[in-house]
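Notes to accompany the following structure.
All of the numbers you see were taken from the coordinates with simple rules; none came from a lab. All figures in this text were calculated on a predicted structure; none of them were measured in a lab. Every residue, glycine among them, receives a Cβ derived from its backbone with ideal geometry; neighbour counts consider all protein chains shown.
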Amino acid sequence: MGVSIYYNMKVGGKMNFNDNIPIYIQIINSIKKDIVSSKLQIGQKILSVREMAEYYNVNPSTVQRAYQELEKSKVINVQRGLGTFITDKSEMIEEIKVDMADNLTSHFIEEMMGIGFTYNQIVENISRYARRE
Amino acid sequence: MIASLVMHDVYKMYGKKVALEHIELELESGMIMGLVGGSQSGKTTLLELIMGLIKADKGSIEIAGSPVSKLTKKDVAYLPKDNHLYAWMTIKEAIHFFKKVYKNFETQKAEELLKDLALERKIATLSHDELMLVKFALTVSRNTKIYLFDEPFLGVTPLVQKQMGQWLIKNYTEDKTVIIATSNLQTVEGLLNYVTFLKDGKIILKGETDLLIEDRGQSLYEIYKEVVSNVRVS
């Protein structure tokens with residue numbers, strides 16, 4: 001399974017059912033992506049499990065599973081009676097950003113090396129690409 | 001925690017024809033299971049066994065720890081493929097009929113779900129989409145343990161299918177168990193956290209959706225295609 005779990009994510013709140021990525025992981029990635037791109041702000045309240053299930057038309061227990069994982073890794077916290085919120089710790093946001101970048105980069109490098117590129121060639125490729133911008 | 005449904009080594013024969021063979025299934029409450037298979041695969045027979053409409057020739061079926069009997073009938077709400085509503089009734093009369101026949105039928109919920117339809121309309125005048133919505137709403141308005149839907153999306157437009165999915169989610173609670181028998185996975189895929197693939201009366205593959213997808217690295221639809229073509233999987 002050499003494909004990055006982020007590559008196949010659809011943008012804009014739609015789950016891709018034709019994917020070989022479980023829906024709860026797609027939900028986790030979608031929320032993380034929104035945090036990193038600032039669509040979701042630090043400390044912001046997000047949809048409840050049920051609201052999110054209705055929005056995506058998925059089983060509430062699937063959303064529950066995604067929320068549990070996110071809560072375990074402290075990306076979100078559930079406050080009884082108040083709702084579910086994105087973490088208010090900016091270090092956590094940074095960590096998510098770095099994690100996501102590492103994941104995308106490592107898979108990119110893996111694929112490039114799989115075709116035969118060396119580190120130097122990969123870096124050269126990126127530099128050349130950056131110069132075009 | 002008692003499993004909400006257990007089927008153990010179940011066989012059902014119609015004369016010499018084997019309709020279901022060696023069926024092993026265990027569901028926990030809170031699960032929404034897809035019973036997926038083509039026509040003649042045995043889906044309806046399986047649902048009728050759980051409902052208690054027919055008896056297994058071999059094996060056991062238990063609902064919340066009790067063997068299927070007259071006593072467990074009230075624990076199961078069944079939406080059959082055929083139309084089971086009286087054509088001459090109005091929607092309102094059908095709602096009242098259900099209230100009379102079924103304990104724990106929530107009239108208010110049914111009326112709320114069907115608020116976009118004129119309740120004085122006769123069943124016979126409804127379009128296919130509208131009829132399926134009414135049938136679905138009536139079934140979902142029964143407050144019970146197990147819900148069985150036999151091909152509820154057959155011939156129904158995608159938008160209405162989505163509406164039904166939303167109703168299911170809105171009425172979802174962890175103490176209920178749902179089985180949706182279907183021959184196509186679209187629209188409803190996201191709802192299913194468990195899938196059982198049936199072919200020629202046998203369970204070819206079953207498991208939690210997430211685990212199946214993760215283990216096989218395939219989408220549910222890809223798994224379905226592989227399983228339905230003659231590839232035997234363990």
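Couple of notes before you dig in:
- For residue B:31, residues with placed amide H under 5 Å, excluding near neighbours: B:178
- Highest-fluctuation residue, A:56, A:119, A:24 considered, GNM on chain A with Cα pairs under 10 Å: A:119
- Across all directions, the average flat footprint of the convex hull enclosing the Cα atoms of chain A is 9.7 nm².
- Kirkwood hydrodynamic radius of chain B, from inverse mean 1/r over distinct Cα pairs, in Å: 18.4 Å
- Take the convex hull of the alpha carbons in the protein assembly as shown; its mean projected area over all directions comes to 23.4 nm².
- Share, in percent, of DSSP beta bridges within the protein assembly as shown that are antiparallel, nearest 5: 60 percent
- Taking one quarter of the surface of the convex hull spanned by the alpha-carbon atoms of the stretch A:90-132 gives a direction-averaged projected area of 3.7 nm².
- Angle in degrees between helix A:90-115 and the longest Cα principal axis of chain A, rounded to the nearest 10: 40 degrees
- Per-residue average of Cβ from other chains inside 10 Å of B:137-149: 0
- Size of the stretch A:11-86 as Cα extents on the principal axes (Å, biggest first): 34, 26, 21
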